[in-house]
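The values are calculated or read from the model by the stated rules, or taken from the named source; none is laboratory data. Keep in mind it's a predicted model, so treat the numbers as computed, not measured. Every residue, glycine as well, gets a Cβ built from its backbone with ideal geometry; the counts of neighbours run over all protein chains shown.
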């Protein structure tokens, strides 16, 4: 099987010191490409550096909604400059997040999200969207940028968000939670996604799939999510891997 991990944080402190070993294990598991995703300026710069270091890696650069309360035009300009690098293939991880006791103000998150959509539109790049406990609030932003391709990263929304996202042309990426025992509703929704809109990811070092749940996640484990997705849809893993591979190649302009 050929597999693309469409969202991994090899730039995270839990993985970065062992990057060479992590990439080697991913290769052994059939993972030919990894999209290394930033979440602030330093991690985005590191994503570019990792992509330059290892063949088969590309970068996404962006400011996570957690950054909305502490960044401004300077950080946006830095992300815009990083996005010009030829190994940057997406703007992300960006989005909305209203989980927890003190999320950044909705207006501030919306401002940051739109400013990064503007970068994506200018450069012809897709956006990698984080959407946590934000309901349908991300849809008006997508409507204002209909020419920007969106990827719903680590999808955990409901049927309405799935339907509306697909209607707007979004790709839907599934991660380790698809394998969790209690996530029957997520598996039901995964079976509804058109094959040409499917992606798989690890979101490593987070959300390791079964049978690695509770351990540090890494790109090699995306194989488990792919197999679970294929089983959920009643499809052969080898066939689904080729479809998801082609989708990732198209979205992220992989060689």
Item to check | Residues (surrounded by fewer than 20 Cβ atoms within 10 Å (Cβ to Cβ) and over 22 Å from residue 223 (Cβ atoms)) located in segment 163-181 | outcome: 163, 164, 166, 167, 168, 169
Next on the checklist: Condition (residue is part of a helix (DSSP H, G or I) and more than 18 Å from the chain's Cα centre (by Cα)) applied to segment 95-103: is it met by at least one residue?
Outcome noted: no
Checklist entry - Are any of the residues in segment 46-58 over 16 Å from the mean Cα position of the chain (by Cα), surrounded by 17 or more Cβ atoms within 10 Å (Cβ to Cβ) and in a loop (DSSP other than H, G, I, E, B)? => result yes
Checklist outcome for this item: Scanning segment 203-212 residue by residue, those under 24 Å from residue 20 (Cβ atoms), surrounded by fewer than 22 Cβ atoms within 10 Å (Cβ to Cβ) and without any contact (Cβ under 8 Å) to a residue 60 or more places away in the chain turn out to be 207, 212
Item to check | Hey, residue 199 at pLDDT 95 or above, under 16 Å from the mean Cα position of the chain (by Cα) and assigned to a loop (DSSP other than H, G, I, E, B) or not | outcome: no
Item to check | Among (1) surrounded by 23 or more Cβ atoms within 10 Å (Cβ to Cβ); (2) in contact with a helix residue (DSSP H, G or I) (Cβ under 8 Å, 6 or more places away or on another chain); (3) closer than 27 Å to residue 86 by Cβ - the single one residue 155 does not satisfy | outcome: (3)
Item to check | Output for segment 213-255, where each listed residue is under 19 Å from residue 19 (Cα atoms) and out of contact with any strand residue (DSSP E or B) (no Cβ under 9 Å at 6 or more places or on another chain) | outcome: 215
Item to check | Hey, residue 185 under 28 Å from residue 212 (Cβ atoms) and free of Cβ contacts under 8 Å to residues at least 60 places away in the same chain or not | outcome: yes
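A quick yes/no check of all residues on (1) within 18 Å of residue 130 (Cβ to Cβ); (2) in contact (Cβ under 8 Å) with a residue 24 or more places away in the chain; (3) crowded, with 22+ Cβ neighbours inside 10 Å:
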residue: 1; (1), (2), (3): no, yes, no
residue: 14; (1), (2), (3): no, yes, no
residue: 31; (1), (2), (3): no, yes, yes
residue: 60; (1), (2), (3): yes, yes, yes
residue: 66; (1), (2), (3): yes, yes, no
residue: 75; (1), (2), (3): yes, yes, no
residue: 87; (1), (2), (3): no, yes, no
Item to check | Residue in segment 179-191 that is farthest from residue 239 (Cα to Cα), counting only those that are in a loop (DSSP other than H, G, I, E, B) and touching a helix residue (DSSP H, G or I) at 6+ places or on another chain (Cβ under 7 Å) | outcome: 183
Item to check | Considering residues of segment 222-255 that are loosely packed, with under 14 Cβ neighbours inside 10 Å and within 20 Å of residue 55 (Cβ to Cβ) only, the residue nearest to the chain's Cα centre (by Cα) | outcome: 250
Next on the checklist: Regarding segment 142-156, can at least one residue be identified that is modelled with pLDDT under 95 and over 13 Å from residue 38 (Cβ atoms)?
Outcome noted: yes
Next on the checklist: Just checking, does segment 109-127 include any residue being more than 21 Å from residue 246 (Cα to Cα), assigned to a loop (DSSP other than H, G, I, E, B) and in contact with a helix residue (DSSP H, G or I) (Cβ under 8 Å, 6 or more places away or on another chain)?
Outcome noted: no
Checklist outcome for this item: Going through segment 141-156 in order, the residues found to be closer than 21 Å to residue 66 by Cβ and either out of contact with any strand residue (DSSP E or B) (no Cβ under 9 Å at 6 or more places or on another chain) or not in a helix (DSSP H, G or I) (or both) are 150, 151, 152, 153, 154, 155, 156
Checklist outcome for this item: All-but-one check, residue 173 against (1) assigned to a loop (DSSP other than H, G, I, E, B); (2) closer than 18 Å to residue 247 by Cβ, failing number (1)
